[in-house]
Amino acid sequence: LSDAPERPLVLLSGGVGQTPIVSMLEVVADRHRHVPVFYVHGTNSPAHHALEVQVHDAAARHGNALVETFYEGGTGDGANRGLITLDWLQANTPLAEADIYLCGPRPFLRHFVTGLRDAGIPADRIHFEFFGPADEQLAA
């Protein structure tokens, strides 16, 4: 994350990939309130959703943050059912103008990094890190 972000931020996480993304949200909430933030997270169900209270607290401190959660296997209050899609991101976040930070398991990253590039997002605005089970890290 830049020390002085100038563009809107899209913080996108899947599963346990939210851990470093939540840390970014915390930093932005405390130091960069002028930057619009779009925090989008996908997980299996409300039972698998860690750090939810922390995310909403950081978004409230920031004052200009949208938080959206997608539950693949069920719904929760105020959450979307199913998977995050590139179409949803294009319709609900400023992808064309934003710096995008992604973290999640290999299939999540493969899908979104490729999709964002195919959608014309410049590679220098797509920042990602693998975060998931060791067996996925070793898989080709």
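The values are calculated or read from the model by the stated rules, or taken from the named source; none is laboratory data. Small disclaimer: the values here were computed from a predicted structure and weren't measured. With ideal geometry, Cβ positions are generated from the backbone for all residues, glycine too; neighbour counts draw on all protein chains shown. These area figures cover heavy atoms from the full protein model, side chains too; ligands, DNA and RNA do not enter into them. Shrake-Rupley method; radii C 1.70, N 1.55, O 1.52, S 1.80 Å.
In percent, what relative contact order does the chain have, based on Cα pairs under 8 Å that are 6 or more apart in sequence?
Answer for the chain is 28 percent.
Give me the 1.4 Å probe accessible area per residue for segment 1-109, excluding ligands and nucleic acids, in Å².
Numbers: 5080 Å² over 109 residues.
Spelled out: the 1.4 Å probe surface of segment 1-109, per residue, equals 47 Å².
Based on DSSP H runs of at least 4 residues, each adding -39500 (n - 2.57), what is the mean residue ellipticity at 222 nm of the chain after dividing by all its residues, to the nearest 500 deg cm²/dmol? Can you show the working numbers first?
Details: 5 runs with 50 residues, N = 140.
-10500 deg cm²/dmol, from helical runs alone.
Enumerate the whole-percent occupancy of each 10 Å bin, from 0 to the last occupied one, for all C-alpha pair distances of segment 1-59.
Reading the bins upward from 0: 23, 55, 19, 3.
Leaving out ligands, DNA and RNA, and with a 1.4 Å probe, what % of the accessible surface on the chain is carbon or sulfur? Numbers along the way, then the final one.
Details: 3680 of 7190 Å².
Carbon and sulfur: 51 percent of the exposed surface of the chain.
Mean projection of the alpha-carbon convex hull of segment 44-117 over all orientations, in nm²?
5.5
Rounded to a whole number, what is D in µm²/s for the chain from Stokes-Einstein with the Kirkwood radius over alpha-carbon pairs (25 °C, 0.890 mPa s)?
Using the Kirkwood radius from Cα pairs, D works out to 163 µm²/s.
How much net charge surrounds residue 64 when only the other residues with a Cβ under 14 Å from the Cβ of residue 64 are counted, with Lys and Arg +1 and Asp and Glu -1?
Once positives and negatives cancel, what remains is +3.
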